[in-house]
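Notes to accompany the following structure.
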Amino acid sequence: GVNDEDMHQEMLDAMITIGFESETVQSLMRLIIAVLFAGNITFTPSKDGESCILEESEAALKAAALLGISFESLASALTVRTYKAGMETVTKQVHTDEAIKACEALIKAVYGAAFDFIVDRVNASIVEDNTSHGLSEASIGVLDIFGFETFKVNSFEQICINYTNEALQQQFNKYVFKLEQQEYEKE
């Protein structure tokens with residue numbers, strides 16, 4: 001089997017090896033943990049159903065802290081919309097469904113930005129390494145054949161599913177590349 005602790009340490013070591021500063025690695029880990037907590041954020045609808053409030057749960061408090069903002073700022077960002085109408089600014093409380101969509105958009109934006117940042121840094125590292133050895137420019141591409149699952153609650157089961165999907169993809173890639181390598185060796 002796979003030892004998660006060893007794999008995590010290997011990933012951290014690889015990030016340092018390709019030039020990530022330890023503060024950057026810590027910031028990325030904070031963002032990913034914030035995304036996981038944000039997936040468990042819940043909202044309580046008002047009695048009339050026209051608005052909602054962000055529940056002051058452990059998930060919401062930790063997500064806000066990890067993102068470096070106050071709980072109140074997170075609550076406002078997810079449950080209040082501000083519109084400009086001419087010269088007037090209009091503030092409106094949102095329905096629970098809209099707050100959930102805002103939270104999902106936040107999760108997607110944070111995770112996407114972290115992922116893009118990592119890929120850009122890895123590509124920059126490859127370019128620096130290749131050009132210093134007189135090789136042509138290279139880059140990596142990432143293929144996710146299983147997609148991104150969305151559940152009402154970001155639970156332990158989701159993490160297990162995502163982990164399994166990644167392990168399956170890694171096994172598939174190893175198998176395909178091994179076959180490709182054997183083919184090259186035959187030639």
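Each reported figure results from applying straightforward, stated rules to the coordinates on display, with no laboratory input. Worth saying up front: this structure is predicted, and the values here are computed from it rather than measured. Ideal geometry is used to build each Cβ from the backbone, glycine not excepted, and the neighbour counts take in all protein chains shown.
Mind scanning Lys47/Lys92; Lys62/Lys174; Lys62/Lys101; Lys47/Lys101 and naming the pairs with a C-alpha gap bigger than 26 Å? The pairs that break the limit, which is 26 Å between Cα atoms, are Lys62/Lys174. As a calculated quantity, the FRET efficiency between Lys101 and Thr24 at R0 = 35 Å, using C-beta atoms, amounts to about 0.70.
Let me know the shape class of segment 1-84, please: from the alpha-carbon gyration tensor, a ≥ b ≥ c as square roots of the eigenvalues, rounded when a/c is under 1.5, otherwise prolate if a/b is greater than b/c, or oblate. Because a/c hits 1.5 or more and a/b exceeds b/c, segment 1-84 counts as prolate. Here the simple spin-label model places points 7 Å from the Cα toward Cβ, and for Asn123 and His8 these points are separated by 2.9 nm. The simple spin-label model puts a point 7 Å past each Cα toward its Cβ; for Ser70 and Gln169 those points are separated by 3.9 nm.
Label-to-label distance for Phe115 and Thr91 is 3.4 nm, based on points extended 7 Å past Cα in the beta-carbon direction. Is the shape of segment 51-97 rounded, prolate or oblate, going by the alpha carbon gyration tensor and its root eigenvalues a ≥ b ≥ c, with a/c under 1.5 for rounded and a/b larger than b/c for prolate? Oblate.
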